[in-house]
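Here the structure comes first, spelled out in structure tokens, and everything after it is commentary.
The values are calculated or read from the model by the stated rules, or taken from the named source; none is laboratory data. Small disclaimer: the values here were computed from a predicted structure and weren't measured. Virtual Cβ from ideal backbone geometry, glycine too; neighbours counted across all protein chains shown. Just so you know, the surface numbers come from the protein's heavy atoms only, side chains and all, with ligands and any DNA or RNA stripped out. Shrake-Rupley method; radii C 1.70, N 1.55, O 1.52, S 1.80 Å.
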Amino acid sequence: MKKKVVFAIGGSSGARYAYLLMKRLAEISDQWEKVGLVMSKNAKLNWSLEVKETSYESFGFDIYENNDFFAPFASGSAKYDTMIVCPCSMGLLARIRTGISNDLITRAADVILKERRKLILVPREAPYSTLHLENMHKLSEYGVIICPATPSFYHAQEDLDAVLYSVVDRVLDLAGFEIKTQRWSEE
């Protein structure tokens, strides 16, 4: 069965992760039915600063404004089965943890949680305060997958995107997609 995915881009630095995740999703388009894309205001700003050369509109995903509560995934009846927030700021993570549904991203996360579906948050901030860690701990208890944007260096990647793909590919693995990627102790 093909997946229906909400892909939210939060306002912390790390838009390059989001861009590479969109590229990978486009490569595996045979595995998903729909990708609903929503970006915060700061995400759009960071995209223009960090990605520059590519429009987020060029991937063919369904794009929704962050104040569009008529988006299908604002309701559990639309049956989106996975939500990925990449990158996820600590402010957004805290709003998700406390159930504050004041925009489409937080509403979609609230829907995913209440429907007991898969929510993957990719925080990209450092260092973590005790409050950040407590919020992540509580979300983990709720079944949320916390996958920090911490790349691996096992394969001695030569360029920045190759390093960043180690996180992107891990997120897609966690979401249940079949992808070809470098894996530990495999050629």
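A few notes on this one:
- Portion, in percent, of the accessible area of the chain that falls on carbon or sulfur, probe 1.4 Å: 51
- Per-residue surface analysis assigns Phe61 an accessible area of about 20 Å², computed on protein heavy atoms at 1.4 Å probe radius.
- Backbone geometry of segment 167-183 corresponds, through the Karplus equation with coefficients 6.51, -1.76 and 1.60 at θ = phi - 60°, to 3J(HN,Hα) couplings of 7, 4, 5, 5, 4, 5, 4, 4, 6, x, 7, 8, 10, 9, 8, 6, 10 Hz, x marking Gly and Pro.
- Our summary gives the chain a relative contact order of 23 percent, counting only alpha carbon pairs under 8 angstrom and 6 or more residues apart.
- Charged-residue dipole, Cβ positions (Lys, Arg, Asp, Glu), the chain about Cα centre, Debye nearest 20: 600
- Considering only Ser13, Ser75, Ser89, the Gaussian network model of the chain with Cα springs below 10 Å gives its largest mean-square fluctuation to Ser75.
- Charge dipole of the chain about the Cα centre (unit charges at C-beta), most positive-ward option of Leu49, Tyr17, Ile100: Ile100
- Here each label is just a point 7 Å from Cα along the line to Cβ, and for Glu33 and Ala78 those points are 1.3 nm apart.
- Solvent-accessible surface (1.4 angstrom probe) belonging to Ile63, in square angstrom, nearest 10: 70
- Straight-distance crosslink candidates among lysines, where the alpha carbon sits under 19 Å from Lys114 and sequence neighbours closer than 8 are dropped: Lys3, Lys4, Lys79, Lys138
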